[in-house]
1. All but one of (1) modelled with pLDDT under 95; (2) more than 18 Å from the chain's Cα centre (by Cα) hold for Asn26; which doesn't?
2. Write out, first by first residue and then by second, each pair whose Cβ atoms fall under 8 Å of each other, whose residues are 6+ apart or on separate chains, and whose first residue, in region 86-99, is within 13 Å of Leu70 (Cα to Cα) while the second is in a loop (DSSP other than H, G, I, E, B) and modelled with pLDDT of 75 or more.
3. Check off (1) more than 14 Å from the chain's Cα centre (by Cα); (2) farther than 30 Å from Glu95 by Cβ for Ala56 and give me the number that stays unchecked.
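The values are calculated or read from the model by the stated rules, or taken from the named source; none is laboratory data. Bear in mind the structure is a predicted one, so any value in this text is a computation, not a measurement. A quick note on method: Cβ atoms are made from the backbone with ideal geometry, for glycine too, and the neighbour counts reach across all protein chains shown.
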Amino acid sequence: MLVEALLAGPGRFNELAAELPGIAANILADRLRRLEAGGVLVSRPYSERPPRLEYALTQEGQELAGVLRLLAHWGASGSPASEGLRHLACGSLLEAQWYCTTCAQPVEEEEASALRHL
């Protein structure tokens, strides 16, 4: 939920706390520290006295957001209330698909290969 809250742009601690009602301040601070240690977000001071920080997603954090959206959609797909994401332009159901950024083409699963580390 923190990653989602930061997708719109950087946020300060109190702004994030307001977007995540019910989370204790110590838990929020812990999550922010862990996400920063994991390279998902960075903190930047915006005030020295008292020390205050603003949080923003790193490139890795931005990429993680897409994965989290897919997981949330997958988790909700088992619910009878969820019918899936729809394309706003035409109303059709959406599905995730691999895409090659170099060729600018969708890629079928059988055309994809994973890098394997020896």
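1. That leaves (1) as the condition not met.
2. Every condition considered, the pairs that remain are Leu94/His87; Trp98/Glu108; Trp98/Ala112.
3. (1)
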